[in-house]
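Everything below concerns the one structure shown next.
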Amino acid sequence: MRALVTGSSGHLGEALVRTLQEDGEDVVGLDIKDSAFTAIVGSVTDRECVRQAMRGVEVVFHTATLHKPHISTHSRQEFIEANITGTLHLLEEAVRAGIVSFIYTSTTSVFGDALTPPAGARAAWITEDATPLPKNIYGVTKAAAEDLCQLFHRNENLPCLVLRTSRFFPEEDDNREIRLAYSDANAKANEFLYRRVDIGDVVSAQLLAAKHAAAIGFRKYIISASTPFQPEDVTELRKEAPKVVRRYVPEYEHEYARRGWEMFPSISRVYVNERARKELGWRPEYDFQRIVRALSSDEDLCSPLARLIGSKGYHSEQFRDGPYPVD
């Protein structure tokens, strides 16, 4: 299999290139930044560059994107060009090249305001059927690109699966209140209950999606760590999250106590990965129970692949307050 990975110098792109190469696959990495995992330095907004990168390719893993941290440093037009026009170029060239699987990396950020219920309401139980309500240009352009993928499946019969990934970056939280109230490791451990996924598990989902795309055709999947929660927990989660966590993973309290960690008092949303587990056969290895076991053994909380990729950052400059200038 010859695969094209866009965004090959980024977190997920590098992880995919590394994994595919270790599996003996032929990989072409495309990115605007040069790296050991990028064969072609160029942009998805450049049609000729995309056409060149697509030669002889059978599978496309499209991870290149402008991210939420770029909102304050890039214009809306730049988001449209990178996230929509770039995706359109890839889809059109994929049809031209006879691609057998097109895997588009989207984000749970497309749900936007649906992720934050009003005060007093129960936590949102987020499946693929939740209605996206994007709240910024990042969410808008990722949702539009998803629709392009569906259009090309409908009209051009291009097998195309959309993976809406939750947080997997190792950088500090962009929420100042979280940074002040919790250590970085504490906050990330909490998130494995409802909104985080290990990059090693994201890669396994990508590879499974490529394997099943031709048979499925088009489908959207939430890619997030398996939650221990059930739909009947959503009211209590918003009011007394530690009580609910204690019910499912009671051993967490001891491990948190010996580190001085705390559970979030309230959880406002829960991402549900049931469709990906059922239809793709995806079996994510890293969940909150795994994190607590690692804490009890004083092991690293991340997969070997996550540690290997490490932190890349999204900007070359430093900002006065926090890792990126985004609310």
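The values are calculated or read from the model by the stated rules, or taken from the named source; none is laboratory data. Predicted model only: the values in this text are computed from it and were never measured. In this analysis, Cβ positions are derived from the backbone assuming ideal geometry, glycine residues included, and neighbour counts consider all displayed protein chains.
Can you name every residue in the stretch 287-311 that is out of contact with any Phe, Trp or Tyr (no Cβ under 7 Å at 6 or more places or on another chain) and assigned to a loop (DSSP other than H, G, I, E, B)?
The answer is Ser297, Asp298, Glu299, Asp300, Leu301, Cys302, Gly310, Ser311.
Is it the case, given these coordinates, that Arg258 is surrounded by fewer than 20 Cβ atoms within 10 Å (Cβ to Cβ) and over 21 Å from Val110 (Cβ atoms)?
yes
In the stretch 26-59, which residues are closer than 17 Å to Thr87 by Cβ, outside any loop (DSSP other than H, G, I, E, B) and not aliphatic (A, V, I, L, M)?
Of everything in the stretch 26-59, those that are closer than 17 Å to Thr87 by Cβ, outside any loop (DSSP other than H, G, I, E, B) and not aliphatic (A, V, I, L, M) turn out to be Asp31, Arg47, Glu48, Cys49, Arg51.
Filter the stretch 64-80 for residues that are over 12 Å from Thr141 (Cα atoms) and in a helix (DSSP H, G or I); which is nearest to the chain's Cα centre (by Cα)?
Pro69
If the requirement is being of a type in the set (A, V, I, L, M) and buried (at least 16 other Cβ atoms within 10 Å of the Cβ), which of these qualifies: Val41, Val50?
Val50
Go through Ser106, Ser101, Ser75 for me and flag whichever is hydroxyl-bearing (Ser, Thr, Tyr) and without any contact (Cβ under 8 Å) to a residue 12 or more places away in the chain.
Sole residue among the options that is hydroxyl-bearing (Ser, Thr, Tyr) and without any contact (Cβ under 8 Å) to a residue 12 or more places away in the chain: Ser75.
Would you check if Gly29 is in contact with a strand residue (DSSP E or B) (Cβ under 6 Å, 6 or more places away or on another chain), of a type in the set (Gly, Ala, Ser), farther than 18 Å from Ala145 by Cβ and surrounded by fewer than 17 Cβ atoms within 10 Å (Cβ to Cβ)?
Considered against the rule, which asks whether it is in contact with a strand residue (DSSP E or B) (Cβ under 6 Å, 6 or more places away or on another chain), of a type in the set (Gly, Ala, Ser), farther than 18 Å from Ala145 by Cβ and surrounded by fewer than 17 Cβ atoms within 10 Å (Cβ to Cβ), Gly29 comes out as no.
Quick check: is even one residue across the stretch 152-166 among the hydroxyl-bearing types (Ser, Thr, Tyr), more than 20 Å from His74 (Cβ to Cβ) and either surrounded by 15 or more Cβ atoms within 10 Å (Cβ to Cβ) or modelled with pLDDT of 95 or more (or both)?
Yes, because at least one residue in the stretch 152-166 is among the hydroxyl-bearing types (Ser, Thr, Tyr), more than 20 Å from His74 (Cβ to Cβ) and either surrounded by 15 or more Cβ atoms within 10 Å (Cβ to Cβ) or modelled with pLDDT of 95 or more (or both).
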